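Trainee: Got a structure for you, questions after.
The numbers here are math on the coordinates, done by the rules we state, and not lab data. Everything numeric here is computed off the predicted structure, so don't read it as measured data. Methodologically, a virtual Cβ is constructed for each residue, glycine included, from the backbone with ideal geometry; neighbour enumeration extends over all protein chains shown.
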Amino acid sequence: MTTAAAPSTALQHQSIAFIGGGNMASALIGGLRRQGLPAARIRVLEPFEATRAQLLAQHGVAAQATADAALGECALLVWAVKPQVLREAAQAVAPFAAQALHLSVAAGIRSDSIAGWLGSQRIVRAMPNTPALVGRGMTGLFARGAVSAADRALVDAVIAPTGQALWLEAEAQLDAVTALSGSGPAYVFYFIEAMVQAGTGMGLSAAQAQQLATATFAGAATLAAQSDEPPAVLRERVTSKGGTTHAALAALETAGVKAAFVGAMEAARARAAELGDEFGRG
């Protein structure tokens with residue numbers, strides 16, 4: 001694998017460990033490798049042999065199945081495991097990780113629980129999303145009070161290659177981030193599915209409908225991101241009274257789509273809070 005640049009200042013001479021080697025860990029590791037972080041400075045703890053082999057093939061990073069004292073050399077531990085296994089993983093790693101900064105991407109598990117399991121207050125929670133896999137992700141971040149400015153800079157350096165980041169003042173806001181951007185790509189894919197279904201029903205091929213739908217989403221999102229005007233104004237500019245767009249939006253309003261969508265996101269937020277209650281005990 002070729003590297004494009006030297007590691008950022010925050011990453012120079014640092015070693016990083018990933019607890020879990022799945023898709024999100026792979027996205028972050030890929031970004032670190034593109035920044036020029038040597039594979040030898042990246043450790044991965046991953047129980048599944050097939051995933052370990054994939055990390056080696058994609059990123060040149062050798063993963064291990066169990067925790068050992070070598071983790072104590074790492075400045076940052078990234079917790080990229082499912083919420084339901086975080087407690088067990090933390091108990092196995094804690095004896096080797098007393099001096100590290102900890103970055104958790106496990107949905108819902110609150111920093112109080114993580115701090116208790118690890119015996120450390122240097123905890124940052126993150127809620128990324130899957131567009132991180134193509135460098136277009138959005139990550140919400142929250143840091144406990146013991147996290148220093150240098151710690152934040154290290155987290156920023158790790159997240160930067162995957163897309164944008166937003167630091168939050170209140171940990172409870174991460175549940176809203178989970179509902180909005182964490183789960184958000186699935187909503188987009190859901191609407192693309194519906195648009196493709198409609199397009200094929202109106203005589204387009206599946207390939208034509210998908211190209212039109214995905215390009216429209218990408219273009220509209222870029223326009224919204226670059227415009228100083230709110231989405232409502234942009235929508236109004238596309239909508240001529242009595243025209244085709246007006247007819248479509250009127251049908252959506254009659255069907256209660258906006259209210260249903262808001263309700264769906266509230267369900268996602270509530271489930272994020274439930275995960276913290278369910279798997280954060282002890």
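Trainee: Starting from the Cα of E88, step 7 Å along the direction of its Cβ; do the same at W167; then give the gap between the two resulting points in nm.
Mentor: Spacing of the two 7 Å Cα→Cβ label points: 3.6 nm.
Trainee: In the chain, what percentage of the DSSP-assigned beta bridges are antiparallel, given to the nearest 5?
Mentor: Antiparallel bridges make up about 15 percent of those DSSP assigns within the chain.
Trainee: Can you work out the FRET efficiency for the pair V233 and A69, with r the C-beta to C-beta distance and R0 = 51 Å, to the nearest 0.05?
Mentor: 0.30
Trainee: By how many nm would the segment from E49 to A98 lengthen if fully extended, with 0.36 nm per residue of separation less the alpha-carbon distance?
Mentor: Between E49 and A98, full extension yields 14.9 nm more.
Trainee: How many nm separate the modelled label positions at A62 and A273, each set 7 Å beyond the Cα in the direction of the Cβ?
Mentor: Computed distance between label sites A62 and A273 equals 4.8 nm.
Trainee: Within segment 161-186, list the residues whose amide N lies under 18 Å from a label point set 7 Å along Cα→Cβ of A225.
Mentor: Output list for this probe position: 161-167, 180-186.
Trainee: Taking neighbour counts of Cβ atoms within 10 Å as a proxy for exposure, in what order, fewest first, do M24, M127, M202 appear?
Mentor: Ascending number of Cβ neighbours within 10 Å: M202, M24, M127.
Trainee: Between segment 201-229 and segment 237-275, how many Å separate their Cα centres?
Mentor: Going from one Cα centre to the other spans 17 Å.
Trainee: Right, another one. In degrees between 0 and 90, to the nearest 10, how far off the longest principal axis of the chain does helix 257-279 point, with axes built from Cα atoms?
Mentor: Tilt of helix 257-279: around 20 degrees.
Trainee: What number comes out for the charge environment of G116, summing +1 per Lys or Arg and -1 per Asp or Glu over other residues with Cβ under 11 Å away?
Mentor: Result for the neighbourhood of G116: +2.
Trainee: Taking amide H positions as placed 1.01 Å from N in the peptide plane, with prolines and chain starts having none, which residues 5 or more places from F18, or on another chain, fall under 5 Å of its amide H?
Mentor: R43, V44, L45, V78
Trainee: Can I ask one more? Could you line up H13, H102 from fewest to most neighbouring Cβ atoms inside 10 Å?
Mentor: Lowest count first: H13, H102.
Trainee: On full extension of the chain, what length is gained from N23 through A149, given 0.36 nm per residue of separation minus the C-alpha to C-alpha distance?
Mentor: 42.6 nm
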